[in-house]
Amino acid sequence: MRNLYLRKTTAAEIDEQVRKVLKGLGNPRPPLRLSDVRELLKLDRQYYSKDADGILRETISRLKVAGKQILRRPALLLEAIRKAELKALYVPDRKIILIDQTEPEIKQRWNESHEVIHSLLEWHGPVMLGDDKLTLNLVCHDQIEAEANYGAGRLLFLQGEFERVARDSKCTLEEIRAIGGAFGNSITSTLWRFVELMLEPALGVVSQHPRYTDGKFDPNDPCRYFIRSSAFLGRFSNVDETAAFALLRSKSNWRKYGPIADDEVVLRDDNGESHVFQLDAFHNHHETLAVFVYKRALSKKVAVAAGLEISAK
Ligand SMILES: [Zn+2]
């Protein structure tokens, strides 16, 4: 999945909604407590388990019998949850957020915030309300999802508070991890916000361990997340997932936990000029997180002498 940049007006609208929530909570210090958010917005939270069909059915029928019937065709919702492997969803009529309890807690935190944003954005309502129109295409609509993710990031990282902290630090995985911890958020979600905030070209990658590419690994789509800063997108649009992953692999060791790469690498920009990036990668048992941060231009002579011109792609 690649990060999408929203239109400025859309981002501003979402930011305004998040600002109101944070203001309503008295502009709290990190980490944000989602129970406070639910209380302020009068949202209810319930759990289901995608592994336990009974609980899922029961949750949905509870929604159906509590007061009036809220979904004309609950079977469709059940089917949507199963087919799309939904990790969470929002039921607007009852102001209920449903969370898959089999997800790790830190992911539940993200999923819940994502649904909070759906609940805040008026134009997202009809997507879940659709009854007969409740189709997977609508539920998984990329644009709507990107908006909810943007808002979730702005909420969980307390808008300007994160920017203030992040701008003062270097984009190393160690610092990203520390900041994520302070905000109570996952290192993956922190890496994502960090890269997007960077003014210089920077690239974040979340993937399988680059040295152990077995199981579900797809060589044509090797990165679970491929996060580019605006400056990277503007100047290095030729560097894709396959190229970045190959470069990461070439610089990584075989350690199964801890730092696996810390080196300079060369990427070619869209004009064919070579540039040096600092690559920092860490494997946490489940996934590898890597960040490429711009350092300097490489003079042509040095690049040719070192045979580096082919490094990027
Ligand atoms: Zn969503």
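The values are calculated or read from the model by the stated rules, or taken from the named source; none is laboratory data. Predicted model only: the values in this text are computed from it and were never measured. A quick note on method: Cβ atoms are made from the backbone with ideal geometry, for glycine too, and the neighbour counts reach across all protein chains shown.
Please indicate, with yes or no, whether at least one residue in the range 102-121 is buried (at least 18 other Cβ atoms within 10 Å of the Cβ), within 12 Å of the ligand (Cβ to nearest atom), of a type outside the set (A, V, I, L, M, F, W, C) and not in a helix (DSSP H, G or I). Scanning the range 102-121, I find no residue that is buried (at least 18 other Cβ atoms within 10 Å of the Cβ), within 12 Å of the ligand (Cβ to nearest atom), of a type outside the set (A, V, I, L, M, F, W, C) and not in a helix (DSSP H, G or I), so the answer is no.
Residues being part of a helix (DSSP H, G or I) and either closer than 14 Å to Tyr294 by Cβ or of a type in the set (A, V, I, L, M, F, W, C) (or both) are represented in the range 221-231 by at least one member.
The residues on offer are Ser189, Ser169, Ser207, and the sole one that is within 16 Å of the ligand (Cβ to nearest atom) and either surrounded by fewer than 16 Cβ atoms within 10 Å (Cβ to Cβ) or polar (S, T, N, Q) (or both) is Ser189. Restricting attention to the range 138-150, the residues being near the ligand (Cβ under 10 Å from one of its atoms) and modelled with pLDDT of 75 or more number 6.
Condition check: touching a residue at least 12 places away in the same chain (Cβ under 8 Å) and touching a Lys or Arg at 6+ places or on another chain (Cβ under 6 Å). Does Ala231 satisfy that? No, not satisfied. Any residue that is over 30 Å from His124 (Cβ atoms) and in a helix (DSSP H, G or I) - is there at least one of those in the range 205-212? Scanning the range 205-212 turns up no residue that is over 30 Å from His124 (Cβ atoms) and in a helix (DSSP H, G or I). In the set (1) at pLDDT 90 or above; (2) of a type in the set (S, T, N, Q); (3) in contact with a Phe, Trp or Tyr (Cβ under 9 Å, 6 or more places away or on another chain); (4) surrounded by fewer than 18 Cβ atoms within 10 Å (Cβ to Cβ), Gln159 fails one condition alone, (3). Among the residues of the range 113-126, is any modelled with pLDDT of 95 or more and among the polar types (S, T, N, Q)? Scanning the range 113-126, I find at least one residue that is modelled with pLDDT of 95 or more and among the polar types (S, T, N, Q), so the answer is yes. For the range 268-299, a tally of residues being assigned to a strand (DSSP E or B) and in contact (Cβ under 8 Å) with a residue 60 or more places away in the chain returns 14.
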